[in-house]
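Undergrad: I have a structure here, written as structure tokens, and I will follow up with some questions on it.
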Amino acid sequence: MYRITAGELPEIIPIFPLPGALLLPRARLPLNLFEPRYLAMFDDVLKTRDRMIAMVQPVEGPAGSEKRLHTIGCAGRVTSFTETDDGRYIITLGGVSRFRLVEEVEGFTPYRRAKVDWSSFERDLGKEEDDPSFDREAFLTLLGRFFDSAQLSSDWDSLKEAEPELLINSLSMLCPFEAEEKQALLEAPSLATRRETLVMLMEFALRAQSGDNETPLQ
């Protein structure tokens, strides 16, 4: 995995406001770029030293209005890309660090850019996080119930062997939660907190499907 130091992080970064798309540090996110403004963004990004794109959740607003953005996002570095015959780009972002959005920057680009502050998320640039209190058996039991309910499938052998950070972050990115729920997972201050949030969201989804919104799962 590519490593970048705090001093190499850019002050201004292009924004890709994609609802429901979650990127986390040290994780990988595939993206399909086809809108002209984002094709232009990608061409410009490839000319930079850091090759970074900021993923930010837009805030729901009136139809047709310029979407406001959540103040916390996560930036990723382009680690691979393929150009298709119809002019699209299939790219992969490797998560580098979260950031706090300071202000949007006016300019002549067709895509949005922002000045960002990385200082609250220095641990994102470090080594993999651990979750000492992680109960894998109980977690996978709940996950199995959630996947059955959502009619999802997975490679359970891989889940049983995956390191806690890879497992928790991958599921946070892949599970079909609402955009605001994805934002809560992004903003979790630690891996343990993200795991607790993930468990809460799965339990809530199961309760909602069963029609029981009051009684916690046993």
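The values are calculated or read from the model by the stated rules, or taken from the named source; none is laboratory data. Please read these numbers as outputs of a predicted model, since none were measured by experiment. Backbone-built Cβ (ideal geometry, glycine too); neighbour counts: all protein chains shown.
Undergrad: Using the structure shown, decide if S158 is polar (S, T, N, Q) and touching a residue at least 40 places away in the same chain (Cβ under 8 Å).
TA: Working: polar (S, T, N, Q): yes; touching a residue at least 40 places away in the same chain (Cβ under 8 Å): no.
So S158 fails the test.
Undergrad: Any idea which residue in region 75-90 is farthest from L29 (Cα to Cα), counting only those that are touching a residue at least 24 places away in the same chain (Cβ under 8 Å), of a type outside the set (D, E, K, R) and surrounded by fewer than 23 Cβ atoms within 10 Å (Cβ to Cβ)?
TA: Taking the candidates together, the pick is G87.
Undergrad: Report the residue count in region 1-50 for those that are out of contact with any helix residue (DSSP H, G or I) (no Cβ under 7 Å at 6 or more places or on another chain), among the small types (G, A, S) and in a helix (DSSP H, G or I).
TA: Within region 1-50, residues that are out of contact with any helix residue (DSSP H, G or I) (no Cβ under 7 Å at 6 or more places or on another chain), among the small types (G, A, S) and in a helix (DSSP H, G or I) number 2.
Undergrad: Here is a list: L201, L166, L185. Which entry is within 30 Å of R100 (Cα to Cα), in contact with a Lys or Arg (Cβ under 6 Å, 6 or more places away or on another chain), assigned to a helix (DSSP H, G or I) and not assigned by TED's automatic domain parsing to the domain that holds Q57? Write out each step before concluding.
TA: Working: L201 fails: in contact with a Lys or Arg (Cβ under 6 Å, 6 or more places away or on another chain); L166 fails: in contact with a Lys or Arg (Cβ under 6 Å, 6 or more places away or on another chain).
Criteria check complete, one pass: L185.
Undergrad: Follow-up. Which ones in region 114-146 are of a type in the set (K, R) and either loosely packed, with under 13 Cβ neighbours inside 10 Å or out of contact with any Asp or Glu (no Cβ under 7 Å at 6 or more places or on another chain) (or both)?
TA: Going residue by residue through region 114-146, those that are of a type in the set (K, R) are 115, 123, 127, 136, 145.
R123, K127, R136, R145, listed by residue number.
Undergrad: Of all residues in region 152-178, which are over 20 Å from E196 (Cα atoms) and aliphatic (A, V, I, L, M)?
TA: The one that is over 20 Å from E196 (Cα atoms) and aliphatic (A, V, I, L, M): L152.
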